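See structure below.
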Amino acid sequence: MNSQQPVNSILEQEKIPKGPFTVLGKFREKGSEIDPSKNWTTYTKIGFYSKDKNFEIISGSNEKNLISAIRDLNDSSRKASFEYSFSNSDFSERVNENFINSLKIFSSEKKAQLFIDLNIDLENFLKANPDTTPEIVDSFLVEQVLSRIPDRAAGSSELDSDILIADFFESRESNLEKDNDNSQVILQKLLKQISNKFDHQTFKKFIDSYSDSSRFSVFDEKYQYSKIFKDFWSTPMLAQRENGFQNKIETIPYPTKKQITNQIETKEQLKQNLFGSPFEKFPDALPKSGSTYEEQIVDINSVVGMSGCDSWFIQDVPSSDKGLGNIWKHVQKFKNEDLHFTSESSFIKGIIVNGKIWVFEDGRNRFAALKALGVKQIPMLIIEGENPERTSVSSII
């Protein structure tokens, strides 16, 4: 991929902070620092993240792979990473959800140790069970977390817990969508394990709470068992130990306020500005096979159009100014705030096809607002694209 070179930038004399500006770029940077032998650029989704004064933990995934890593912030030699290949993305989604739903309650050292233990357990389980399913992996990880929580000495009696669990499943028999028998067996085993952690009254509160929260769920191969932790943690009124932890990857803002050259004061000015700018229709391209998004500083004038639009003025609803209204809100925001990518959903993505860039899927309203304000350059996630080959009519008749 040819990197876009900024031209005539008003930022040439300004000191721009070094490093990635997007969360994905920062994730890849952190991962490469922990384990440079892994190809972090292939990972496109961020899963779990936690950082305190002692440890930093990250995980991410792509379509069929998952990577997770940890480092001791007080000893640079203490770090580890784990990488997995799966048959589909459902596996990695469930592993990440287990990290997210189970780890946040633990204090620093216990969280770090549990993270390492879960990865080691998962590696060994996958080696011993190569034909396992996402559902089984999901329930296995929940079991491993629960096994590390001490049983209550005077826990709910076996008879009492069996009755509560039986009542729980009986109450679901009237649901229009029925639970799968196999999934019921898995969940029954997990509930039985949980009953040993509470006295009878607390376990009953848990069952009541879980019954309510799962009322509209169906227990089948698609259900994520780690959801059970949300009620498990809240039942005994355990406060989440969020103090001292960061749960999002921090990024630095990119300076855009100083780049503003157009003073847009009304929606009509905004509309005229966008309609007056040249626009090239998107060529229905797709990301090239094997290509990944890369963070680049892009000159806004080098972007020729946006996917799914006929102009920079995004008319989401016919005879409505909804699109213009959304762009207008971003214009007001960017007058006072620099562009800041704080999460994956805030990425502005682009696709480069035959040397030209289009905004691709994410960030069209924000891009249009920055363009209208006359901002010269911004960070974007760019992927290489290609025009899909189409079979001619004559060849299939």
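The values are calculated or read from the model by the stated rules, or taken from the named source; none is laboratory data. All values reported here derive from a predicted model rather than from experimental measurement. Note that we place each Cβ from the backbone using ideal geometry, even for glycine, and neighbour counts take in every protein chain shown.
Would region 232-253 turn up any residue that is of a type in the set (Lys, Arg), in a helix (DSSP H, G or I) and at negative phi? No, that holds for no residue.
Of everything in region 249-274 that is exposed (fewer than 14 other Cβ atoms within 10 Å of the Cβ) and under 24 Å from Gly25 (Cα atoms), the residue that is modelled with the lowest pLDDT is Glu250. Scanning region 147-203 for residues that are surrounded by 12 or more Cβ atoms within 10 Å (Cβ to Cβ), of a type in the set (Asp, Glu) and over 26 Å from Leu103 (Cβ atoms) returns Asp160, Asp162, Asp167, Asp179. For region 19-38, the set of residues classified as touching a helix residue (DSSP H, G or I) at 6+ places or on another chain (Cβ under 9 Å), farther than 23 Å from Asp338 by Cα and assigned to a loop (DSSP other than H, G, I, E, B) consists of Lys38 only.
With respect to the conditions (1) surrounded by 14 or more Cβ atoms within 10 Å (Cβ to Cβ); (2) touching a residue at least 24 places away in the same chain (Cβ under 8 Å); (3) within 27 Å of Ser50 (Cα to Cα), Asp220 falls short on a single one, namely (3).
For region 189-210, a residue qualifies if it is aromatic (Phe, Trp, Tyr) and in a helix (DSSP H, G or I), and the qualifying residues are Phe203, Phe206, Tyr210. Within region 166-182, residues that are under 9 Å from Phe219 (Cβ atoms) have Cβ atoms under 6 Å from residues that are surrounded by 13 or more Cβ atoms within 10 Å (Cβ to Cβ) and among the charged types (D, E, K, R) in these pairs: Asn180/Asp220, counting only partners at least 6 apart in sequence or on another chain. Summed over region 126-160, residues that are modelled with pLDDT of 90 or more and outside any loop (DSSP other than H, G, I, E, B) total 17.
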